Each structure stands twice: as C-alpha cells, then as structure tokens.
Amino acid sequence: MRWSQCFIPTLREDPADAEVVSHRLLLRAGLVRQLASGLYSLLPLGQRVTLKIIDILREEMNGIGAQEFYLPALNPREIWDESGRWDVMGDNMFRLKDRKGADLCLGMTHEEVFTSIARSDLNSYKQLPQVWYQIQVKFRDEPRPKSGFMRLRTFIMKDAYSFDVDT
C-alpha cells in the first residue's frame, strides 16, 4: 500500500486533554485515538508498531526456550477464589455473571490459569523447567484512568511464568 493511501490522521495541535508528552505524541502522530477514559483504539500505524514489538518479544521469548500460550480472557471465579485473589483484587477486577449466574471475571493477569494447567499436566520433575508466556489483552477497572497510556482499562500485556523444582 502506498503511504499516501494509508489512514494516518495526524493532528497539528496538541489535544487539550493530553497532558503527558508521550500521550500527545501518540495522538498527534495518528497512532491512537481515545474512545473513553482509559480506552484507546490502535489505528493502523499504531497497530503496525504494536505488531513489530510483539514480534520482537516472541523472538526473544522463543530464543530462551519459552513456549507461547493463548489463554481465555474470561476466567471462572473458582480459580481466583483458590488463589485468594478474587477478593484481594477488589474493584480493579471486571466481574460479570453468565446466563446461568456463574461468576466470571476478565483476566487482569494469568497466574491462576497457568498454575491450573501446570498443576493438572506437569506430573514429574523431569518435565521441568518450563517457561510459559502469552501476549494478550488484559482488563483492569482503573479507578482513575489517566496519563494517556499509563493507566488503561484494557491493554496488551506479555506475561511469563516459570515452573521449576526450586527457586
């Protein structure tokens, strides 16, 4: 595609509500647009940048022998209760009920899910060490989303976990 045909809506002036320099630059360069407080859309150029960063992360993680997973963003309450973090996370966790009334949450992180998989499928120390990671959208109900990209309600995160016989 030609550069002249790309959708890159740049701005001449700093947006009035953008206080942080990085936030102003992302908006002015046409990489993102704000949908609501703490919610941003990646525009085509922003998506290209993001995918290039993700490619670098994958290359580095795979280079150390880590294995990539894709885990559900929607988690059942039970795994969070078991870790004790259903209540600890407080109002920062997005919670909902399905049509049957079961409690669910949108994953803020995935320690609980990775631990559940490891507990059920790692049966011997001979399977260790394991380094697992994922790159996925996460959700946090930030009390005061602000500072541009510093306090978002939905964002892409690379999280990694290792399982071994000792620390």
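One residue stands out in the range 84-124 among those that are at pLDDT 95 or above and among the hydroxyl-bearing types (S, T, Y): the one that is farthest from M157 (Cα to Cα), namely S124.
The set of residues in the range 110-144 being of a type in the set (D, E, K, R), open to solvent by 20 Å² or more (accessible area, probe 1.4 Å) and within 30 Å of Q47 (Cβ to Cβ) consists of E111, R140, D141, E142, R144. Looking at the range 38-51, is at least one residue modelled with pLDDT under 95 and in contact with a Pro (Cβ under 6 Å, 6 or more places away or on another chain)? For the range 38-51, residues modelled with pLDDT under 95 and in contact with a Pro (Cβ under 6 Å, 6 or more places away or on another chain): present. The set of residues in the range 8-33 that are surrounded by 17 or more Cβ atoms within 10 Å (Cβ to Cβ) and touching a His at 6+ places or on another chain (Cβ under 9 Å) contains only V32. For the range 55-83, filtered to residues that are closer than 30 Å to R99 by Cβ and in contact (Cβ under 8 Å) with a residue 40 or more places away in the chain, the residue that is least open to solvent (accessible area, probe 1.4 Å) is L71. On the basis of being open to solvent by less than 30 Å² (accessible area, probe 1.4 Å), part of a loop (DSSP other than H, G, I, E, B) and not polar (S, T, N, Q), does L152 make the cut? The answer is yes for L152. Residue count for the range 28-51 satisfying the condition of being in a helix (DSSP H, G or I) and touching a residue at least 40 places away in the same chain (Cβ under 8 Å): 1.
The values are calculated or read from the model by the stated rules, or taken from the named source; none is laboratory data. These figures come from a predicted structure and were not determined experimentally. Positions of Cβ are generated from backbone atoms using ideal geometry, with glycine treated the same way; all protein chains shown enter the neighbour counts. Note: accessible area is taken over every heavy atom of the protein model, side chains too, but ligands, DNA and RNA are not part of it. Shrake-Rupley method; radii C 1.70, N 1.55, O 1.52, S 1.80 Å.
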